[in-house]
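Each reported figure results from applying straightforward, stated rules to the coordinates on display, with no laboratory input. These numbers come from a predicted model, not from an experiment. Here the Cβ positions follow ideal geometry from the backbone for every residue, glycine too, while neighbour counts run over all protein chains shown.
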């Protein structure tokens, strides 16, 4: 019997499809992790069979490998190259357009993106922490971002607590994982034979009420707790948990910045995969007939020359200054601007750096007390 | 008065001119907006016409071409080179790396009939170039962006970021990281839409060097991925051998093989 | 109707003035009466001006806030967009959104002596301040204007400086790194002017804009002479694209120049000012 007061319960593995059905019934398009081109990416789910059954992922600095095994688990991996960022802060999108009449008058129209209610399955604790930061940046401000807001308000989040962090993960040290604590509508603990499901919102309760959940046994709770404890132990990398602003700004001339620059490609992959990086540039695309023009934005990176260009002068002309800008902002400036570090410990910038630069090691080298 | 436009061809495969012909409906609009004085592949022929904008495809490899490019420069207010050949020599500039006299003697029965310059050079080696559009070939989007700016009376915006940003915006997973493929994306200028990584291949570098390309850092990483010096040299020299940054990294690896 | 949003509104060029070979001013009027009627700004704030089919640039507003219906923008022809603007004529339509950022706290400065320090080719953010003060001369004490340029030929608005100098209780001092004849000012960096400036450091509020090194050096002199650090205000410049603190380009330490600036109290900016890479 469905019960409105149920806040948690056990969902047998074979019933996961019912969750997707319930979400679809509420009008949500379901998105979840799928394997594509050698990586886990969020894509539309037609059914549970699209989820990555028996997939493990090996991640190390500059390397990411999807491996298939005989296991039946669906969420037995850490993360893919992108968190929720592209679903909300689109890599490229139209902001406004303008039409010009024959006598030169201009008519501007703001664009509101088309967006459907979307449920994302398999969201990680680090992704939620990053989402909270992006919300702060794009929405909790005097002039909230229209495009981001439209999508954000239609998002339903099904988190899955992480049981197999990658070698590159360090969310324990940033305080953001491996378990989701808030910001989700539902959260799952994956066990061998099913999921402990718990609601985190009124909308989550509505979905929960439609599932035939069983009571959670003490054994199941213990298994979930053990898996979390193990996930904590598996993490060896860490960023110092404290506010690094003063230490980083006290070391602006540290020789290690230059040392990193000799290895860094300045390609911006780290900023592209970072779930909290928000820089974008605006660009114009006029119609050839000059009767209308479109104004877009697209992801930018502090690793480009254009990022710091002011009429004829580039504030950050070289890689040393760009890497230093990224790190001092992410780990320093963010504390003042957003009340916490801009790093959530997801490790993407380490794995997806083509040359394997490791933020945790570079920070240690720069902030280490002089010998 | 409509702006007068010419499209000229030098040593090249004609592929960049196709970026005009492939514009579809925009091509008809373009022909209405501008006065196309010379564009042999599309019809109008008047190579010495005085024009506001010349688009130049191809590199300079013969004495005749050298004379012709100087004429084109003199008869054009604004000169845009299009494609790898025009901006950085292109494939045919590979002969600058070899003993081309020896090759000619081996291939042709009467090599004395062949009249070429000692080396194949980008257009900018001989005349002032106002803007360069990189790519092998350039694409229609680049051409439209440049033409759009010129028609608006402003200098076109230069694209010089690396392919990587474009690749990530397309939602591609990095092929170097996921497949250990050597990819020229980090040192190559964007504009192509990250075509090759989009089909799980490493970038071939056909758009030439991006702004401050870290070529040595990347070449060193390629070595770690098991690439030989010769393979690395081929990556850097294939399309834009006369682009200085690619030339020095590629050439130095050829020498070390000797 | 707030037009300090993400997209522009139509404005018409109702006057155009060529100030020097490379500097021109556009007087703009919003064409939507509702938008025009509610538009208010503070000197030191800026608008994003949109050139049709090309893009936007941030330009500070130099006109008087008491006349928000006619917005004057002084622009230097230095880039692709500003050059495009230089080609426009009276009657042409452009896009405008704003005002953005924090302006000079002029009301809080009433009753104080004012020192203006600027470098470079005529600094629009402080021209608005000078005009503002001169129109309300009785509310402020002594006014000292220090202007530095690279070469004496770079100085525009010479007649304005001459005019300002004639005002009561006002001193104007000019310095050029290099000069040709005739040059009514000094030769050397702007800091040489402080020896000749007659002002009471404790009573004076300083407002500065221009090259960051110049600001830094001038602030050092002022502090040495006994000015309070919190009485020094500066206007910053960075790459700005969204103007609402979201695109990240104008990141400066822990602030966005477009939103937290462009006017800063000196202690808020001094740590990273003129520091390479920030």
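Structural remarks
- With only the Cα atoms considered, the stretch A:106-192 has a convex hull volume of 129 Å³ per residue.
- Among the residues of C:51-62, the average count of other protein chain beta-carbon atoms within 10 Å of the residue beta-carbon is 5.
- Working from label points 7 Å from Cα in the Cα-to-Cβ sense, the residue A:141 to residue B:128 distance is 4.2 nm.
- Cα-based convex hull volume of chain C per residue, rounded to whole Å³: 127
- Of all DSSP beta bridges in chain C, antiparallel share, percent nearest 5: 55
- Put in order of Cβ neighbour count within 10 Å, fewest first, the listed residues C:97, A:245, A:124 become A:245, C:97, A:124.
- Neighbouring Cβ atoms from other chains, within 10 Å of the Cβ of residues in C:95-104, number 1 on average.
- The stretch C:107-269: antiparallel DSSP beta bridges as a percent of all, rounded to 5: 15
- Rg [Å, one decimal], Dmax [Å, integer] - the stretch B:72-197, C-alpha atoms: 18.7, 54
- Per-residue ellipticity at 222 nm, computed for chain C from helices alone with -39500 (n - 2.57) per DSSP H run of at least four residues, works out to -5000 deg cm²/dmol.
- As a ratio to 2.2 N^0.38 Å, the alpha-carbon radius of gyration computed for the stretch A:245-367 takes the value 1.20.
- Cα shape, the stretch C:107-269, gyration tensor, a/c 1.5 rule: prolate
- Order of B:124, B:48, B:12 under a 10 Å beta carbon neighbour criterion, fewest first: B:48, B:124, B:12
- Highest mean first, the peptides A:71-82, A:162-173, B:108-119 sorted by other C-beta atoms within 10 Å per residue fall in the order A:162-173, A:71-82, B:108-119.
- In plain terms, the residue of A:326, C:157 with the fewest other Cβ atoms within 10 Å comes first and the most crowded comes last, giving C:157, A:326.
- On the basis of the beta-carbon distance and an R0 of 30 Å, residue A:289 and residue B:199 show a calculated FRET efficiency of 0.35.
- Angle in degrees between helix C:212-224 and the longest Cα principal axis of chain C, rounded to the nearest 10: 40
- Cβ-Cβ FRET estimate between residue B:158 and residue A:214, R0 fixed at 60 Å, reported to 0.05: 0.45
- Chain A: calculated mean residue ellipticity at 222 nm from DSSP helix runs of at least 4, using -39500 (n - 2.57): -8000 deg cm²/dmol
- Taken residue by residue and averaged, Cβ atoms of other chains lying within 10 Å of the Cβ of A:311-320 number 4.
- Under 11 Å from a label point set 7 Å out along the Cα-to-Cβ vector of residue B:234, no amide N atom of the stretch B:191-215 is found.
- Inverting the pair-averaged 1/r between distinct Cα atoms of the protein assembly as shown gives 30.6 Å as its Kirkwood hydrodynamic radius.
- Alpha-carbon centroids, the stretch C:31-108 and the stretch B:209-257: separation in whole Å: 48
- Here the mean projected area of the convex hull built on the C-alpha positions of the stretch A:185-261 is 9.3 nm².
- A crude spin-label estimate for the pair residue B:103 and residue A:17, with each label 7 Å from Cα along the Cβ direction, gives 6.2 nm.
- The stretch A:1-94 shape via C-alpha gyration tensor axes, a/c threshold 1.5: oblate
- The peptide list B:146-156, A:281-291, put in order of mean Cβ contacts within 10 Å with the highest first, becomes B:146-156, A:281-291.
- Computed FRET value (nearest 0.05) for residue B:211 with residue C:89, which takes r as the C-beta separation and R₀ as 35 Å: 0.45
- Cα gyration tensor, chain A - rounded (a/c under 1.5), prolate or oblate: oblate
- Pair residue A:112, residue C:200: separation of 7 Å Cα→Cβ label points (nm): 5.9
- Most simply put, the protein assembly as shown has about 60% antiparallel DSSP beta bridges, counting only bridges with both residues inside it.
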